[in-house]
Amino acid sequence: MVTRKWFSVKQMHWGYQSAVFLALILIIYGCIEPFSPPEVTNTESFLVVDGFLNVGSDTSRITLRNTQNTNDDTRPVVEGGARISVDAESGEKYEFEEKGQGVYLLPPVNFNMTTKYRLHIRRSNGREYLSDYVVVTQTPPIDSLTYKLDLRRNAMIIYVNTHDSANNTRFYRWKFEETFEYKSAYFSGLVRDTEAGEIIPRRDDISTCWNTLESRDIKLGSTIKLNQDIIKDLPINIIDISTNKLFIKYSILVRQYALSREAFEYWTDLSKTTQGTGSLFDPQPSQVTGNIKNTGDPKELVFGYFSAVTEQKQRIFMTPALGRSPMCLAPDTLTPDDAYKSYGVLLNSYIDAGGSTFILSSSEDCADCRAQGGTTTRPSFWK
């Protein structure tokens, strides 16, 4: 017969145009956003190519996906089994390696910065695609990332500053990853050992988590109408205080890219199409394709723009203590037997004045930080 043992642990802490529109959303967001379109009957899908050739010191990443109808609520269809390479106009060829989930990677290479490059894709169905040859654009460094509290908006605004003293860049794009540390309302010090039939002390900490989110909007900037190639205090992210991202510690990694005029025009058109469809007076969904074409059928729609560019990045940390501690209802008080049979997260135990043992329990949302989407693994860059 199994004997249960109890321990006291201290408490610690989303037709044709509809398919096209969806393709555009996939490029930017990497997921399907909820939307209520007209009836959709077109079942044709199109290839979506997301990525660029990083001619700097970091890995190049290309992701292949397929569009879906708006009434399809399954996950985006990734494209596996393809062969991807980048061809240099000077003759060199660089092969990407498939990593799964439609992702293809190319480790850092000592690229020739004076030649042109094009993307070559051969899908598992035999269809081949080529981009136009593109010149390498070299990105100037990020001068600084600054932030300022906007009381009227109840938000912290992150700004980017950069310049090109040679006045050669003029067109910019930014992406970012934000990471924040947070805690659950209650600390869980106990866990059920189903093999032994016991409640035992918890060895892992599920009260502290880190969550990383990627930028979802197209961030562009241009100095073409200015005398000097200077970007000053351009808002890159707005963090609502009510999200509690700023309560403990927050970090943002901003990635900066220089664009050719053609690439800038592509991303500008894409931005207008996908981010300005809120009313009849806004630009409506339209065909925005890039520089990648099917070699056997140039009329086939392919979404994405291939560029060869160096990447510049900069990270900052903040600890402004803005927001509030998570709040939950009081824990349930259970007997040991009821606690073992329950589905709640166990907190700690105590003995009352009469010598009886009781165990406190709460929901995952209140006692397991992972329920909020984060992970208990501390990021390697965290400090």
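The table that follows gives values for the structure above.
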item	result
Distance violations [Cα-Cα > 24 Å] among Lys245/Lys313; Lys245/Lys383; Lys116/Lys272	Lys116/Lys272
Backbone HN-Hα couplings from phi across region 361-378 [Karplus 6.51/-1.76/1.60, Hz, Gly and Pro as x]	9, 9, 7, 4, 4, 9, 10, 9, 4, 5, 5, 8, x, x, 10, 7, 7, 5
Area accessible to solvent at Trp267, 1.4 Å probe radius, in Å²	20
Of Pro141, Ala155, Tyr104, farthest towards positive along the dipole that unit charges on Lys, Arg, Asp, Glu beta carbons give region 82-159	Ala155
Sequence of Tyr250, Tyr147, Tyr133 when ordered by accessible area, the most exposed leading, probe 1.4 angstrom	Tyr147, Tyr133, Tyr250
Centre separation in Å (Cα based) which lies between region 184-216 and region 329-364	16
Glu364-Ala330 FRET efficiency (beta carbon distance; Förster radius 22 Å; 0.05 resolution)	0.85
List His120, His163, ordered by accessible area with a 1.4 Å probe, largest first	His163, His120
With all protein chains modelled, accessible area of Arg255 [1.4 Å, Å²]	50
Set of aspartates and glutamates near Lys299 by C-alpha distance (under 17 Å), chain-local residues within fewer than 8 positions excluded	Glu44, Glu128, Asp132
D (Stokes-Einstein, µm²/s), Kirkwood Cα radius, region 68-193, 1.002 mPa s at 20 °C	106
With all protein chains modelled, accessible area of Thr194 [1.4 Å, Å²]	110
Placed amide H near Ala155: partners under 5 Å, 5+ positions off or other chain	Asp150, Ile241
Cα-based equivalent ellipsoid of region 94-139: semi-axis lengths in Å, sorted from largest, via gyration tensor	23, 15, 8
Volume in Å³ per residue [convex hull over Cα atoms, computed for region 240-383]	268
Over region 126-174, equivalent-ellipsoid semi-axes from the Cα gyration tensor in Å	35, 19, 7
For region 162-263, the spread of Cα positions along each principal axis, largest first, Å	73, 27, 21
Per-q log10 I(q)/I(0), region 289-370, q = 0.14, 0.15, 0.19, 0.23 Å⁻¹ (Debye; single scatterer per alpha-carbon; no solvent)	-0.70, -0.74, -0.93, -1.09
Solvent-accessible ranking of Leu106, Leu226, largest area first, probe 1.4 Å	Leu226, Leu106
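The values are calculated or read from the model by the stated rules, or taken from the named source; none is laboratory data. Since we're looking at a predicted model, the values are computed, not measured. So basically every Cβ, Gly included, is an ideal-geometry build from the backbone, and we count neighbours across all protein chains shown. What goes into the accessible areas is simple: the full protein's heavy atoms, side chains included, and nothing from ligands, DNA or RNA. Shrake-Rupley method; radii C 1.70, N 1.55, O 1.52, S 1.80 Å.
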